Every structure is written in C-alpha cells, then in structure tokens.
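Following: one structure in structure tokens, then a few remarks.
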C-alpha cells in the first residue's frame with residue numbers, strides 16, 4: 001500500500017516497528033505517529049461520522065483532526081506523539097469504539113443534576129444578589145429619580 005508521504009532524507013535514524021490496526025509498519029526513531037503512518041498508508045484514519053479518509057489538517061496539534069488511540073484506548077494526537085518500538089495504534093471508527101468503551105458510564109442521577117449555584121458563581125449564596133422584580137432594582141438606582149419623592 002502506497003503512503004501519502006515520501007521520505008526524502010534523514011534515513012540514518014534507528015529503524016523501529018509500530019503496529020497500526022494490526023499491521024506492522026516501519027518507522028524511524030523521532031518520527032511522529034502521523035509521519036510514520038502516512039509514509040505507509042494513504043490516510044491517517046477514517047472519520048467517525050461519515051467514514052471518509054482523514055490525514056490530519058494543521059499538523060501542529062491545534063485542529064483535532066489527527067486523534068487516534070493506542071491499544072489501551074488512550075487518545076493520542078498523531079501529529080505531536082512520537083513513535084516508540086512496539087506501540088500499538090488503532091485508528092478511525094475502531095479508535096472511537098475503544099475510547100467509548102474505556103470511558104466510565106455517567107450515572108443517571110449525576111447526568112441529570114444541575115450544578116449548585118455556588119459551583120457556577122463561586123460565591124456563597126449569602127453573597128449573591130437574589131433575583132427579584134427588575135423594576136424595584138431600577139427604582140432604587142435610577143439617577144433620574146433622585147430628588148423626586
């Protein structure tokens with residue numbers, strides 16, 4: 001299978017092997033996963049939604065397009081994770097299935113419970129202004145009303 005990338009130089013580094021979706025592929029120490037995979041395959045992974053091939057986008061860790069997983073389900077950015085001998089990688093929909101399977105389920109009572117007001121505002125409830133009739137607040141603070149009783 002032809003790769004999307006072609007190595008032109010810097011081939012004197014130590015050769016290693018990684019495993020991608022069960023296939024052993026060669027890499028050089030110091031390669032990123034993205035480099036190693038695209039030297040050996042036409043794309044990095046398949047999109048979880050439409051199964052279209054993806055090959056990374058920004059190549060610097062900002063775009064979220066190169067997420068893949070190791071065999072333990074840990075998510076890795078292919079563009080900024082370096083290869084190491086024997087590393088096992090899972091790409092595309094298989095990676096999404098592993099990531100989902102390794103996430104602990106959220107209990108129903110936690111998922112449906114809204115955070116407390118203290119958790120969202122950071123202030124104890126006694127220090128927060130309570131909501132009342134907005135016209136009352138305006139009457140107290142309206143400078144046009146000063147001196148007119």
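The values are calculated or read from the model by the stated rules, or taken from the named source; none is laboratory data. Please read all numbers here as calculations on a predicted model, not as lab measurements. A quick note on method: Cβ atoms are made from the backbone with ideal geometry, for glycine too, and the neighbour counts reach across all protein chains shown.
Pick from segment 58-91 the residues that are out of contact with any helix residue (DSSP H, G or I) (no Cβ under 9 Å at 6 or more places or on another chain) and at pLDDT below 90: which of them is nearest to residue 20 (Cα to Cα)?
65
Quick one: in segment 1-27, of everything that is touching a helix residue (DSSP H, G or I) at 6+ places or on another chain (Cβ under 8 Å) and touching a residue at least 60 places away in the same chain (Cβ under 8 Å), which residue is farthest from residue 44 (Cα to Cα)?
18
Taking segment 1-57 as the search range and keeping residues that are crowded, with 19+ Cβ neighbours inside 10 Å and assigned to a loop (DSSP other than H, G, I, E, B), which one is modelled with the lowest pLDDT?
Restricting to residues being crowded, with 19+ Cβ neighbours inside 10 Å and assigned to a loop (DSSP other than H, G, I, E, B), the top hit is 56.
Return the residues of segment 4-43 that are under 15 Å from residue 54 (Cβ atoms) and not assigned by TED's automatic domain parsing to the domain that holds residue 75; say none if nothing qualifies.
Once the filter is applied, which keeps residues that are under 15 Å from residue 54 (Cβ atoms) and not assigned by TED's automatic domain parsing to the domain that holds residue 75, segment 4-43 yields 4, 5.
Quick one: which of 73, 86 is touching a strand residue (DSSP E or B) at 6+ places or on another chain (Cβ under 9 Å), on the phi > 0 side of the Ramachandran plot, surrounded by 14 or more Cβ atoms within 10 Å (Cβ to Cβ) and assigned to a loop (DSSP other than H, G, I, E, B)?
Every option except 73 fails the conditions.
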